[in-house]
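Below: one structure, written as structure tokens.
The values are calculated or read from the model by the stated rules, or taken from the named source; none is laboratory data. These numbers come from a predicted model, not from an experiment. Here Cβ is always computed from backbone atoms with ideal geometry, including for glycine, and neighbour counts include all displayed protein chains.
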Amino acid sequence: MGDPACWMANVCPECGAFVEDPGSTTACPRCGARLAEGEGAGPARIVRAEYELQPDLLAHRDRLAAHLGPGAHVAPLRAAGPVGADPPPDGLVVELPVAADDPLAAIGVAARRLADAFEALGLPVRAVALECDGLPPVRIETRPTPHPFTG
């Protein structure tokens, strides 16, 4: 009987995509984020992102945490060093809760959220290693200029 009073149930909470029939799927077709609470929506998974050898990010820790929201944990990342040494932090580690049916989907959703946050804050990223539920880390590298052979 007419249109619903509010279309917010049709909007993905992660990327803002409009989903025509949110009752037919539990994941956003654009970014894979969970659309609704309840059965089949997928468990919350923690995705760990390591931004190593990027000490310039340390100054933006609080801004990044605020942008990612209350569930995110952002902390300094210490480089590996000799036994007994206490090297200074050289990057950030981010633990981000993501609702997804499998670890690889969780990594995809987290990668998009992190990329959007870094872009919105104007922060440069050279590389990140993402891992979830014991999967081997997925390493993503960015190049500020085109590579001479691969473009």
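A search for C-beta distances below 6 Å between a residue of the stretch 107-123 that is over 17 Å from C28 (Cβ atoms) and any residue that is of a type in the set (D, E, K, R) and modelled with pLDDT of 90 or more, counting only pairs 6+ apart in sequence or on different chains, returns L121/R63. Could you say whether any residue in the stretch 82-95 is over 19 Å from E141 (Cβ atoms), surrounded by 13 or more Cβ atoms within 10 Å (Cβ to Cβ) and small (G, A, S)? No, there is no match, as no residue in the stretch 82-95 is over 19 Å from E141 (Cβ atoms), surrounded by 13 or more Cβ atoms within 10 Å (Cβ to Cβ) and small (G, A, S). The set of residues in the stretch 61-78 being in a helix (DSSP H, G or I) and in contact with a Pro (Cβ under 9 Å, 6 or more places away or on another chain) consists of R61 alone.
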